[in-house]
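Reviewing the structure listed below.
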Amino acid sequence: MGRLFEITTILINKGNVTAQELADRFSVSTRTIYRDIDLLSSAGVPVYMNKGHGGGIYLLEDYTLSKALISDKESENLLLAVKTLQATQYPEMNAILEKMGALFKKLPSHDWVEVDFSPWGSSPNEQNKFNDIKRAMLNRNVIRFDYVNGEGRKSNRLAEPEKLIFKNNAWYLMAFCRQRQEHRTFRISRLKKLALVGETFERKALPGPEPEKRNPQQPLIDLKLRCKAQALSRLYDYFDETFLIPNADGSFSLEASLPEGEWLYSYILSFGNLVEVVAPVHIRNIIIQRIQETLKIYRP
């Protein structure tokens with residue numbers, strides 16, 4: 001069934017193809033391809049063959065894919081894929097999902113999964129951000145936005161959007177930054193007041209994979225934390241359990257090499273009294289200093 005479905009989609013996209021081309025693609029004999037064409041024809045797919053020079057396998061024009069060629073599992077996977085795209089908050093995804101739900105009526109429901117990458121408490125204005133970025137990428141529009149980096153510094157950027165990336169539970173935008181004159185990666189949740197500029201751009205070659213560059217201001221440090229059991233659920237959000245070593249008193253020790261920076265101090269402090277820095281000493285002292293400065297705010 002999978003090969004029949006793929007043959008049909010190939011014919012829809014290409015218009016016609018030879019039996020030998022299909023045989024080579026699927027690593028089967030041309031005799032097997034002819035049998036597949038007979039099966040498609042008997043299933044109601046308007047497929048026909050012309051022999052001789054310039055011949056091949058054809059579909060009638062304006063044929064649309066029949067749901068009979070898609071299995072229950074395949075239709076479930078298609079719906080899951082569209083549901084995932086719907087999480088990018090593209091308005092047209094809702095209409096596509098409704099049409100697919102109507103097409104595959106044999107499914108009991110298409111609301112068995114909900115994918116939402118937006119943060120809790122996000123404003124309605126955030127819902128247009130993905131759609132604006134998509135339009136900018138397709139139309140090659142320069143975008144302008146305010147951005148807050150990991151150190152808390154705010155800047156206004158002009159950028160040429162190239163690629164959306166989903167990594168480590170967050171969406172990122174790879175774009176050519178006009179100010180820095182290089183490709184940069186921006187966390188989308190930190191993009192504010194995004195707007196399309198009338199100017200268009202020529203797409204530049206994306207940088208290829210290369211060894212990860214280490215920012216000298218954020219060196220890797222060997223961090224060791226002692227964590228109470230209540231912190232375990234949050235630690236599992238970011239760390240594999242192999243990083244967590246159980247202790248006799250029910251606590252856990254976490255050992256990992258991480259880049260130092262403001263994000264790390266904030267992450268540790270967000271656990272309150274559930275996490276203690278064991279090493280390195282200078283990180284422990286920074287956390288102590290931050291706690292003392294916080295106490296000054298609340299003490300009379």
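Per-residue HN-Hα couplings for the stretch 281-287, Karplus 6.51 cos²θ - 1.76 cosθ + 1.60 at θ = phi - 60°, whole Hz, x for Gly and Pro?
5, 5, 5, 4, 5, 4, 5
Taking N as the number of residues in the stretch 220-298, what is its Cα Rg relative to 2.2 N^0.38 Å?
Details: Rg = 12.5 Å, N = 79, 2.2 N^0.38 = 11.6 Å.
Compared with the compact-globule rule of thumb, the stretch 220-298 sits at 1.08.
How charged is the neighbourhood of residue 277? Take every other residue with its Cβ under 13 Å from the Cβ of residue 277, and add Lys/Arg as +1 and Asp/Glu as -1. Provide the component values of the computation, followed by the final result.
Working: positive: 224, 226, 284, 290; negative: 222, 255, 260, 276.
Its environment carries a net charge of 0.
Suppose the chain between residue 131 and residue 226 were pulled fully straight at 0.36 nm per residue; how much longer would it get relative to their current alpha carbon spacing? Mind showing how you got there, number by number?
Values: separation 95, 0.36 × 95 = 34.20 nm, distance 4.29 nm.
The span from residue 131 to residue 226 would gain 29.9 nm if fully extended.
When 14, 51 are ordered from fewest to most other Cβ atoms inside 10 Å of their Cβ, what list results?
Fewest to most other Cβ atoms nearby, the residues stand as 51, 14.
Fewest Cβ neighbours within 10 Å first, please rank 9, 32 accordingly.
On the way: 9 12, 32 15.
Starting with the residue having the fewest Cβ neighbours, the order is 9, 32.
Considering amide H positions built from the backbone, and no H for Pro or chain starts, which residues 5 or more places from residue 178, or on another chain, come under 5 Å of its amide H?
158, 159, 160
Where does each of 263, 171 land when they are ranked from fewest to most other beta-carbon atoms within 10 angstrom?
Working: 263 14, 171 20.
By the 10 Å Cβ count, ascending, the order reads 263, 171.
Points 7 angstrom from Cα along the Cβ direction at residue 297 and residue 153: gap in nanometres?
Result: 2.3 nm between the two label points.
Bear in mind these aren't lab numbers, they're just calculated from the coordinates by the rules spelled out. Fair warning: this is a prediction, and the values are worked out from it, not measured in the lab. FYI the Cβ positions are ideal-geometry reconstructions off the backbone, even for glycines, and counts take in every protein chain you see.
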